[in-house]
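Q: Have a look at the structure that comes next, please.
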Amino acid sequence: MHKPIEERLMISLPDLKRRGFFARNRSGSIIWLLGDNVLASIWVRVNYDEENLPEGGTLRVHYTQNGQFVEEQVDLVHIASNLGRGGGIWYFVCPQTHRRCRILIKGRYGFVSRHDEGGMRYQAQLRSHSQRAFYTGLRILKQKARAIEAVEWFSNPHCKRSYGGKLTRPMHRYLKLRRTTQQLND
């Protein structure tokens with residue numbers, strides 16, 4: 001049985017952007033922890049030329065595996081965004097499948113997309129039918145609990161329901177939860 005994706009080492013583009021690796025070709029290390037223990041660490045460098053964004057860039061990954069030093073290079077592709085705000089979206093190009101992806105997962109032979117390692121699945125995909133039904137019921141119970149908390153919150157006389165003639169964000173959430181619970185009860 002394969003390990004689920006959530007239990008594997010991953011590099012995600014949104015995480016790299018959030019950590020500032022796309023700011024002027026920055027490099028640094030990524031450390032995975034399990035409790036207080038270091039599970040793994042890698043050194044990463046993102047290279048790209050701002051004048052030639054459509055050409056993309058590269059991600060260099062350095063790590064040690066089975067006592068051997070490993071250096072990998074993964075191509076990056078920049079696709080123009082159609083949202084009208086300029087900029088664009090970065091993708092990895094999987095070294096094995098040559099498919100665009102936003103997350104690379106450490107497989108047997110390096111970092112690849114989840115489609116390369118046969119049988120790689122998310123935790124939810126590995127659950128049986130009865131387990132999925134159980135977790136769905138659990139999710140519904142949590143939604144009902146949040147609805148009960150919201151009712152208690154809005155019964156407070158000092159709670160702001162609207163501001164400047166518009167409903168507040170908590171009030172919108174409350175109304176959405178109320179609609180959801182009414183649908184569940186029907």
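Q: Which of (1) surrounded by 14 or more Cβ atoms within 10 Å (Cβ to Cβ); (2) under 30 Å from Leu9 (Cα atoms); (3) small (Gly, Ala, Ser) does Ala124 not meet, given it meets every other one?
A: (1)
Q: Of all residues in region 69-114 being aromatic (Phe, Trp, Tyr) and modelled with pLDDT under 85, which is surrounded by the fewest Cβ atoms within 10 Å (Cβ to Cβ)?
A: At the first step, the residues of region 69-114 found to be aromatic (Phe, Trp, Tyr) are 69, 90-92, 109, 111.
From what is left, the residues that are modelled with pLDDT under 85 are 69, 109, 111.
Values: Phe69: 8, Tyr109: 13, Phe111: 24.
Looking at the filtered set, the residue picked out is Phe69.
Q: Can you name every residue in region 131-168 that is among the aliphatic types (A, V, I, L, M), out of contact with any Phe, Trp or Tyr (no Cβ under 7 Å at 6 or more places or on another chain) and under 19 Å from Gln183 (Cβ atoms)?
A: Those that are among the aliphatic types (A, V, I, L, M), out of contact with any Phe, Trp or Tyr (no Cβ under 7 Å at 6 or more places or on another chain) and under 19 Å from Gln183 (Cβ atoms): Ala133, Leu138, Ile140, Leu141, Ala145, Ala147, Ile148, Val151.
Q: If you don't mind, there's one more thing I want to ask. Output the strands (runs of 3 or more DSSP E) that fall wholly within region 1-68 and possess 1 or more residues being out of contact with any strand residue (DSSP E or B) (no Cβ under 7 Å at 6 or more places or on another chain) and modelled with pLDDT under 75, or say none. Break it down stepwise before answering.
A: Details: elements: 10-12, 27-34, 37-48, 57-65.
It comes to 27-34, 57-65.
The values are calculated or read from the model by the stated rules, or taken from the named source; none is laboratory data. None of these values were measured; they are calculated from a predicted model. Cβ sites come from the backbone with ideal geometry, for glycine too, and all protein chains shown count toward neighbours.
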